[in-house]
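Student: One structure follows; several queries about it will come next.
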Amino acid sequence: MAVVDQRPTAARCPVTSGFRPFDHDGTYEFFSMARREAPVFYNEETDYWVVTKREDVLSVFKDPERFSASNVLDSLEGYPEELTRFLTDNGFTVEPVQSNTDRPRHTRIRQSAGQFLNPRRYREYEPRIRALVREYVNGLRGKDEADIVAELTHEMPARVVFMLLGVDDVDPLMIKRWALNRATMIWGKPTRQEMIDAGHELNDFFHFCKEIVEDRKWAPRDDYPSKLLELRGGDDSVLTENEIVCLVFALLLAGHEAVTNGLTISILTLLENRGTWEELVADPALIPRAIEEVLRHSTPVMTWRRRALEDVELSGVTIPAGGKVLLSLASANHDEGQYERPSDFDIHRPDARGHLSFGYGIHVCMGAPLARIEMKIVLEELINAFPGMELVKGQRPAWTKTMAHRGPQSLLVRLGGSDHG
Amino acid sequence: MAEVTWITAGGERITAEVGDGVNLMEAAVANRVPGIVGECGGGMMCATCHVYVESDHRTGEPGPIEADLLDFADAPRRDGSRLSCQISARPELDGITVEVPPAW
């Protein structure tokens, strides 16, 4: 039993030396060992205390008094000073509004955002999302083979975010590029120059959000920024204008990187488990179950972060005050203490939905119901149109290499001849 | 303290003593009641702790935010629908029975 409670020891521990936070190959095998041998360990490369057991991850999520969310979107690498100066000089006034704020500020802002970002609103978008997905699915018809990322899952979720923002005249690929840049700045290992270039684009992105909010001040529509402005009613104690811009900025980032990966991974996992795919073809009512099991089994957002505000003991290890904490959601979702045969993909397990893929507690993902709607519609439409779809054999797609997001960058499928559409 | 019984979608009865002030979502999760997830931890964001309270009205009516969420919970809203995170155990609830809708 290699319990690790001091940094120098931790650095030599075989568990920590096997941790490769940016490379997701073999990650589940690694965490299975970690949960057994050192469920909480310190990783020197990233300066994070890594938490691997479901109970511990859950207890951190449930304890916002002792674990601050302030570092959730911090750049792992830190910005070069030149970039910080550029951003300051160019009116880049991004401030924490949701995932990376603590109470009471978090409560105030989340309550306003929740007036729009809620299951009721999301359901209203369902017919439009279905029409959008059908557009993409129709584009696939008649083809033998397709890259499902390039032709569906990459772009589609960005266009759903546009619906919420009331934006209809922007190239979704531009938003995707901005979002990927932002994700790399936060969770990746860019070079100095890549960081500076990405930062310049990020500034463009922020000003794009500012323009949307400015426009809605004068011409309100039935969309998220207009709703936030209405709630604000000119009162800074409800929301400031800058906070609204930041909420729009946050939505544009949160709304699709994880959804793109969730969609692609669902299709990949289901096609790899042909029996399950066939089951869904026969009974599409099982799709919501399948989605929860995909989210548990092949978690698209692998890790999330917190910072300890005081010394806290977890699984016999003391995380010191100020310690940065990396919660492995992927590991928690495979914890043998909760799930029997966790590495089996089984849509009939009774407790898949207890996964922590959207977090838990006061910061639980506000977009989770929307992500579930998108996943459900995409799977329904694909299964209906291409029940004979299968993976192109022998492909080894590249996977995104950031510490949080994980997903194949391409996915070649044979669409199959039997078109029900 | 109140004795609470959950009737799961599969017809199983799970009974537990729940301490005063503990909400019925937390108690259900602690007792591994299938169908109760409570992923927002009682923040009224998810409606994954939806239950049907048996016909008496000891638990009162849902508040406005709760009512909105119930309209769009996975299982249909009906008389007695509540988010169990909004019901705290107290002596007058002793013996209460709540039905858990199917999880999917």
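The values are calculated or read from the model by the stated rules, or taken from the named source; none is laboratory data. Since the structure is predicted, the reported quantities are computational estimates derived from the model, not experimental observations. Neighbour counts are summed over all protein chains in view; Cβ atoms, including those assigned to glycine, are modelled from backbone coordinates with ideal geometry. Note: accessible area is taken over every heavy atom of the protein model, side chains too, but ligands, DNA and RNA are not part of it. Shrake-Rupley method; radii C 1.70, N 1.55, O 1.52, S 1.80 Å.
Student: Relative to the isolated chain, which residues of segment A:102-131 have their accessible area cut by 50 Å² or more in the presence of all protein chains (1.4 Å probe, heavy atoms, no ligands or nucleic acids)?
Tutor: Going by heavy-atom accessible area, the residues of segment A:102-131 that drop by at least 50 Å² are A:P119, A:R120, A:R123.
Student: In deg cm²/dmol and to the nearest 500, what is the mean residue ellipticity at 222 nm of chain A if only DSSP H runs of at least 4 residues count, each as -39500 (n - 2.57), divided by the residue total?
Tutor: -15000 deg cm²/dmol
Student: Still on this structure, I have one more. What is the protein assembly as shown by shape, rounded, prolate or oblate, if you read a ≥ b ≥ c off the alpha carbon gyration tensor as root eigenvalues and call it rounded for a/c under 1.5, prolate for a/b larger than b/c, and oblate otherwise?
Tutor: Rounded, because the longest to shortest axis ratio a/c is under 1.5.
Student: Using r as the Cβ-Cβ distance of A:A398 and A:Y125, and R0 as 35 Å, what FRET efficiency do you calculate, to the nearest 0.05?
Tutor: 0.65
Student: What number results when the radius of gyration of chain B, computed over Cα atoms, is divided by 2.2 N^0.38 Å?
Tutor: Computed over Cα atoms of chain B, the ratio equals 0.93.
Student: Roughly what percent of Cα-Cα pairs across segment A:270-421 reach past 20 Å?
Tutor: Everything past 20 Å amounts to 59 percent.
Student: Quick one: which residues, 5+ away or cross-chain, put their amide H under 5 Å from the amide H of B:A89? H built at 1.01 Å from N.
Tutor: Here B:G21, B:V22, B:N23, B:L24 satisfy the definition.
Student: What spacing in nm lies between the two simple spin-label points modelled at B:R90 and A:T191, each 7 Å away from Cα in the Cβ direction?
Tutor: So the label points at B:R90 and A:T191 sit 6.6 nm apart.
Student: Restricting to the protein assembly as shown, what percent of DSSP beta bridges are antiparallel, rounded to 5? List each step's numbers first, then the result.
Tutor: Values: 33 of 40 bridges.
Within the protein assembly as shown, antiparallel bridges account for around 80 percent of the total.
Student: Leaving out ligands, DNA and RNA, and with a 1.4 Å probe, what % of the accessible surface on segment A:64-104 is carbon or sulfur?
Tutor: 47 percent
Student: Could you sort the residues of segment B:35-54 by number and keep only those whose accessible area is reduced by 30 Å² or more in the all-protein-chain setting relative to the chain alone, 1.4 Å probe?
Tutor: Residues shielded by partner chains are B:V37, B:E39, B:C40, B:M45.
Student: Also: Please report how far the C-alpha centroid of segment B:78-92 lies from that of segment A:44-73, rounded to the nearest whole angstrom.
Tutor: For segment B:78-92 versus segment A:44-73, the Cα centre distance is 31 Å.
Student: If I compute solvent accessible area with a 1.4 Å probe over the protein chains, what percent of it on segment A:186-329 is carbon and sulfur?
Tutor: 51 percent
Student: Additional query: Apply the Karplus curve 6.51 cos²θ - 1.76 cosθ + 1.60, θ = phi - 60°, to the phi angles in segment A:188-204 and return the couplings in whole Hz, x for Gly and Pro.
Tutor: Result, ordered by residue: x, 10, x, 6, 4, 5, 4, 5, 5, 4, 4, x, 5, 5, 4, 5, 4 Hz.
Student: Then there is this: Could you check how much of the accessible area of chain B is carbon and sulfur, as a whole percent, using a 1.4 Å probe?
Tutor: It is 49 percent, rounded to a whole number.
Student: Roughly how many nanometres apart are two label points built 7 Å out from the Cα toward the Cβ at A:A285 and B:I65?
Tutor: 3.4 nm
Student: Please pull out the direction-averaged projected area of segment A:65-116, using the convex hull of its alpha-carbon atoms, in nm² to one decimal place. Provide the component values of the computation, followed by the final result.
Tutor: Details: hull surface 19.7 nm².
Reported value for the Cα convex hull: 4.9 nm².
Student: Next question. Enumerate the calculated ³J(HN,Hα) couplings along segment A:116-129 in order (Karplus 6.51 cos²θ - 1.76 cosθ + 1.60, θ = phi - 60°), each rounded to whole Hz, writing x wherever the residue is Gly or Pro.
Tutor: 10, 7, 8, x, 4, 4, 4, 4, 5, 7, 3, x, 5, 5
Student: Which value, in Å² and to the nearest 10, is the accessible area of A:S410 when all protein chains are kept and the probe is 1.4 Å?
Tutor: A:S410 exposes around 40 Å² with every protein chain in place.
Student: Still on this structure, I have one more. State, to one decimal in nm, how far the label point of A:H207 lies from the label point of B:A9, with both points 7 Å from Cα in the Cβ direction.
Tutor: Computed distance between label sites A:H207 and B:A9 equals 5.1 nm.
Student: If you don't mind, another one. In square angstrom, what is the accessible area per residue of the protein assembly as shown with a 1.4 angstrom probe? Mind dumping the intermediate values first?
Tutor: On the way: 21740 Å² over 525 residues.
That works out to 41 Å² for each residue.
Student: Further question: Just by accessible area at a 1.4 angstrom probe, what is the order of A:C365, B:C46 from largest to smallest? Mind dumping the intermediate values first?
Tutor: Values: A:C365 55, B:C46 25 Å².
Listed by decreasing accessible area, they come as A:C365, B:C46.
Student: Using heavy-atom solvent-accessible surface (probe 1.4 Å) with all chains present, what is the largest-first order of A:Y339, A:Y79?
Tutor: A:Y79, A:Y339
Student: When the chain is fully extended, how far beyond the present Cα-Cα distance does B:R78 get from B:R32, taking 0.36 nm per residue of separation?
Tutor: Working it through step by step, the gained length comes to 14.2 nm.
Student: In sequence order, what are the phi-derived ³J(HN,Hα) couplings for segment A:324-340 according to the Karplus relation 6.51 cos²θ - 1.76 cosθ + 1.60 with θ = phi - 60°, rounded to whole Hz, with x for glycine and proline?
Tutor: Computed from phi, the couplings for segment A:324-340 are 8, 10, 10, 8, 8, 5, 4, 5, 4, 6, 10, 6, 4, x, 10, 10, 6 Hz.
Student: On to the next question. Could you tell me the total accessible area buried at the B-A interface, probe 1.4 Å, in square angstrom to the nearest hundred?
Tutor: What B and A bury together is about 1700 Å².
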